Amino acid sequence: MFDMVTQRRKDDKMTYEDLVIAKATYEKGTDDEIAEFIYQTLDVNGNGVLSRSDLESFLVVILKSVFSTESSDAESSDYKKMVDALLNAATFSKSDDGSEKGMSFEDFRSWCSFVPTIRKFLGSLLMPPSTVRPGYQVPHLLYEDSVSSDRLLLKKEYAWHIGGALPHHELVEWKLLYHSSVHGQSFNTFLGHTSNTGMSASVLIIKDTEGYVYGGYASQPWERYSDFYGDMKSFLFQLNPKAAIYRPTGANTNIQWCATNFTSENIPNGIGFGGKINHFGLFISASFDQGQTFECTTFGSPSLSKTSRIQPEVIECWGIVQASNEQDTKHNAMKGTVLERFKEDRNMLKLVGMAGNSND
């Protein structure tokens, strides 16, 4: 970071101009400028290649930082599964000396689109600490005492990954509405537990008999329709063995599907996302014992599992508890003097002796 801010002069000195340029780039630059700044910061040896081993190291640091309040003494091995899943979504197309493939800047930009929570974290490193700081917020998972945490598909690392594509007011609390091994593997039971909850958005997660874990974020309630519905806030995701998020491409509006008690073969009963009838991006039949996941232009997603035809082993649905008083939060954020509201700028000035007391 020091080398980046001092523009790699290697003179062990940081000027005020260096600080202003770095801060302006980091906070006010375009997405590409910020992404390049982050990429170069991670490229410690400056050779333009980020190896998988380099990325493994910093991902462990990120996970320890995010979940430090719960597992400050966690070993690197505790996060290996999640680190591998995140890196399985990456492309390594560049080689330094031919010994190990690395991630180019274009690879890095593409990877950031699949793992937005990592991009949020890296983009917030120079910002002041905050309970709503992008990249740090992990939803609080609410479930009944009778449900053992060992039975849940949604681990806190997975929730953080999925939450990277959501606004902070949807990252406060997620409540378990349905779990197939607890409530029974039934479509009607699923609808009974997810309807009339006061929560419109939800996260659907599936583990199939192949051991793959994936699902979708539904921005609209699960309600009976005879056609696709929903909006462009929804997305598909993978959790294991690859962790990636696939947002709508705009190719079509076939977002969300929920059909029940229809007799027409053109209206398959079940729930799903994207694609087209009988060729969904993700679909679970009304029997809840079979489904499909095909390559999908709606979300630009591949088949989410090992095969296109899937057999669900566990199905979960979590309701998104919307944060209350969102407008009050925004209003309170703007209270106080300019110096109070822009403390990070003042702290930067203090570093170079340009700010003294509150009257400066």
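The values are calculated or read from the model by the stated rules, or taken from the named source; none is laboratory data. Just so it is clear, the structure is predicted and the values come from calculations on it, not from any experiment. FYI the Cβ positions are ideal-geometry reconstructions off the backbone, even for glycines, and counts take in every protein chain you see. All accessible areas refer to the heavy atoms of the entire protein, side chains included, with ligands and DNA or RNA removed. Shrake-Rupley method; radii C 1.70, N 1.55, O 1.52, S 1.80 Å.
Filter region 171-180 down to the residues that are open to solvent by 30 Å² or more (accessible area, probe 1.4 Å) and either among the charged types (D, E, K, R) or under 17 Å from residue 145 (Cβ atoms) (or both) and list them by number.
Within region 171-180, the subset open to solvent by 30 Å² or more (accessible area, probe 1.4 Å) is 172-173, 175.
Passing the criteria: 173, 175.
Does residue 275 satisfy the criteria of being within 23 Å of the chain's Cα centre (by Cα), free of Cβ contacts under 8 Å to residues at least 24 places away in the same chain, open to solvent by less than 40 Å² (accessible area, probe 1.4 Å) and not assigned by the TED database to the domain that holds residue 79? For residue 275, the condition - within 23 Å of the chain's Cα centre (by Cα), free of Cβ contacts under 8 Å to residues at least 24 places away in the same chain, open to solvent by less than 40 Å² (accessible area, probe 1.4 Å) and not assigned by the TED database to the domain that holds residue 79 - is met.
Among the residues that make up region 209-231, is at least one of them among the aliphatic types (A, V, I, L, M) and open to solvent by 30 Å² or more (accessible area, probe 1.4 Å)? Scanning region 209-231 turns up no residue that is among the aliphatic types (A, V, I, L, M) and open to solvent by 30 Å² or more (accessible area, probe 1.4 Å). Each residue in region 278-309 was checked for being in contact (Cβ under 8 Å) with a residue 60 or more places away in the chain, farther than 25 Å from residue 180 by Cα and of a type in the set (Gly, Ala, Ser), and 1 of them qualify.
Could you check how many residues of region 221-246 are over 22 Å from residue 208 (Cα atoms) and in a loop (DSSP other than H, G, I, E, B)? Spell out the reasoning first.
Looking only at region 221-246, we keep the residues that are over 22 Å from residue 208 (Cα atoms), and these are 221, 223-233.
Add one more test, that the residue is in a loop (DSSP other than H, G, I, E, B), and what stays is 221, 223-228, 230-233.
Result for region 221-246: 11.
Among the residues of region 181-205, those that are surrounded by fewer than 21 Cβ atoms within 10 Å (Cβ to Cβ), of a type in the set (S, T, N, Q) and in a helix (DSSP H, G or I) comprise 181, 188, 189.
Applying the set (1) out of contact with any Phe, Trp or Tyr (no Cβ under 9 Å at 6 or more places or on another chain); (2) crowded, with 24+ Cβ neighbours inside 10 Å to residue 263 leaves exactly one unmet item: (2).
Let's see how each residue does on (1) within 20 Å of the chain's Cα centre (by Cα); (2) surrounded by 20 or more Cβ atoms within 10 Å (Cβ to Cβ); (3) more than 20 Å from residue 190 (Cα to Cα):
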site: 255; (1), (2), (3): yes, yes, no
site: 279; (1), (2), (3): no, no, yes
site: 296; (1), (2), (3): yes, yes, yes
site: 307; (1), (2), (3): no, no, yes
